[in-house]
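What follows is one structure encoded as structure tokens, with my remarks underneath.
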Amino acid sequence: MKCNKSKPINDHLLRSWIRCRRKAWLEIYGDKQKKFWTAHSTLQLNHQIDCFHNLAQKSYGIGIQACEEGKNIAYGIRLQYPLIKNRIIKGNLPVLRKTSGESIWGSFSYQPVLARQGKKVTREQRLILMMTGLLISDLQKYQVQKGLILHKENEIIKVEKIRLSENMNIELRESLLNLEKDIESKTPPPITSNRKKCTICSWRKDCDTLAIKEGYLSEVSGIGAKRELLLNKIGINNIEALAKIKHYKLKEKLDKFGTQHGDISKQLILQAQSQSTNKVIKLNTAKELKNLKQAKGFLIYDIESDPDIKHDFLHGFIRIPNNLYKEINLKKIKYSPLLNLKKDTENSLWKRIKRKLNHHEGLPILHYGETEPISLLKLGLRQGASTDEIEAIKKRFIDIHVLIREYWCLPVRNYGLKSIAEFIGFEWEQSNTDGARALLWWRQWKKSRRLNNIYSKNLNAIFKYNRDDCIATLMIAKWLIDQE
Ligand code: SF4
């Protein structure tokens, strides 16, 4: 692999590097055909546009000319400067806001503005703000003291002022030097041990293939960055080695770092064995899946949410009127999507959900993971449901995720719905879809729902996706029964 010493560093590359060193390297040298689109970046961009839209003022302009004319807001400025020796650093600054100061243009200056998603300001946002602050300082010949970070909280745009400190400056320059070293290297940095970051990365498929081939410990469900380090310390560096070690030996060694590590040693070994041999391992052979076996029918329940405004916008149900031993005819499955357009229309949503649950009173409610029961019970409590009502609903829930974890060790990297459904051979009707994609469809639909075309297209896509989530849950439940 050739390296390119003259490649300029830009804010996009720095962002990638802060997320994962390997990602930055792949952005330059990786085979672009292996990169795939994720809804996450579009969600981020749309969120940024929403936030910046809020800054809109009468006095605005585009490019450096807007600064020269002293406009309140300047959009789309591209700057470059050798922030570190012999290396041009380029910045694509979407928005600058006018503030006090003494710049080359008069008695005012400009400060950088960013938008963020998520709960807290991250290292990535602080360093990017610092970098853009330095570029503006160089342009206007006046030091930027503070930058602004916008974020949305319950549909309201909030503004945080971040002081650009000397420590941030030092951290930025160190990061740029390390990034430079990485992109001058002929080989890519290793796969990150914090594989959670990979969920939203467009290079995921490429890195997954390599990690599986090389037997990386981070591939084993239950091993995060910290645990991988502990295993390395005791001489276990790949899945094969973990699969071969005796349980009592591993427990003894891991107990030294805390019993929480020793306690899951058996689970880790079994998981490694399952993944390295590509075989399923049954865990609870004596226990029975009583409530799944005895039910004469089921409701299956799945929610789609907008996490930024804590809004569960779709409560999807499917119903099957018979037990899980019979063949399931997917075409005959009845799907009911209950939409909740706004957070303040919960009252009518709760009535519709209650009607559905009461209508199928004897049926257990299957779901995958803890989100659905937590959200539904909270909704009930907010709408004044009695303790008896809540308890009765609680008893009907069967978490298929918990059952899978209790009964089986499977050759999968994680036990999420997508991963397990894929393992048992279920395919979503729409390819390359996930929760982020559904959220993107939802937000696009909300904005454009008066245009009939997009109205039905996006909403139908969300319904199809949610229906398939429900069916995937059902098929995993059936798989559990079929293995008995
Ligand atoms: S998939 Fe993971 S390891 Fe690979 S580049 Fe992305 S974040 Fe880094």
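The values are calculated or read from the model by the stated rules, or taken from the named source; none is laboratory data. What you are looking at is a predicted structure, and each value in this text was computed from that prediction instead of being measured. Heads up, the Cβs are rebuilt from the backbone with ideal geometry, glycines too, and the neighbour counts pull from every protein chain shown.
Going by the conditions given, is Ser218 hydroxyl-bearing (Ser, Thr, Tyr), within 10 Å of the ligand (Cβ to nearest atom), within 30 Å of Arg15 (Cα to Cα) and in a helix (DSSP H, G or I)? For Ser218, the condition - hydroxyl-bearing (Ser, Thr, Tyr), within 10 Å of the ligand (Cβ to nearest atom), within 30 Å of Arg15 (Cα to Cα) and in a helix (DSSP H, G or I) - is met. If I ask for residues that are part of a strand (DSSP E or B) and either surrounded by fewer than 23 Cβ atoms within 10 Å (Cβ to Cβ) or among the aromatic types (Phe, Trp, Tyr) (or both), which ones from region 122-158 would you list? Correct list: Lys146, Leu148, Ile149, Leu150, His151, Lys152, Glu153, Ile156, Ile157, Lys158. Between residues in region 178-196 that are without any contact (Cβ under 8 Å) to a residue 60 or more places away in the chain and not assigned by TED's automatic domain parsing to the domain that holds Ile239 and residues that are within 8 Å of the ligand (Cβ to nearest atom) and part of a loop (DSSP other than H, G, I, E, B), which pairs lie under 9 Å by C-beta distance while being six or more apart or on different chains? From region 178-196, the pairs are Asn194/Cys20. Flag set for Gly235, criterion: assigned to a loop (DSSP other than H, G, I, E, B), modelled with pLDDT of 90 or more and away from the ligand (no atom under 16 Å from the Cβ). Just name the residue that is surrounded by the most Cβ atoms within 10 Å (Cβ to Cβ) out of those in region 184-215 that are within 14 Å of the ligand (Cβ to nearest atom) and acidic (Asp, Glu). In this case the residue turns out to be Asp206.
Look at region 46-73: where a residue is closer than 30 Å to Leu440 by Cα and a partner is at pLDDT below 90 and in a loop (DSSP other than H, G, I, E, B), sitting 6+ places away or on another chain with Cβ atoms under 9 Å, you get His47/Gln117; Gln48/Gln117; Ile73/Leu55; Ile73/Ala56; Ile73/Gln57; Ile73/Ser59.
To keep it simple, each residue is scored yes or no on (1) in a loop (DSSP other than H, G, I, E, B); (2) at pLDDT 95 or above.
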{"position": "Leu13", "(1), (2)": "no, yes"}
{"position": "Ser16", "(1), (2)": "no, yes"}
{"position": "Arg22", "(1), (2)": "no, yes"}
{"position": "Leu26", "(1), (2)": "no, yes"}
{"position": "Phe36", "(1), (2)": "yes, no"}
{"position": "His47", "(1), (2)": "no, no"}
{"position": "Phe52", "(1), (2)": "no, no"}
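Across region 17-45, the qualifying residues are those that are more than 16 Å from the ligand (Cβ to nearest atom) and touching a residue at least 12 places away in the same chain (Cβ under 8 Å), and the one among them that is farthest from Asp206 (Cα to Cα) is Leu43.
Select from region 425-484 the residues that are among the hydroxyl-bearing types (Ser, Thr, Tyr) and part of a loop (DSSP other than H, G, I, E, B) and list them in ascending order. Passing the criteria: Ser431, Thr433.
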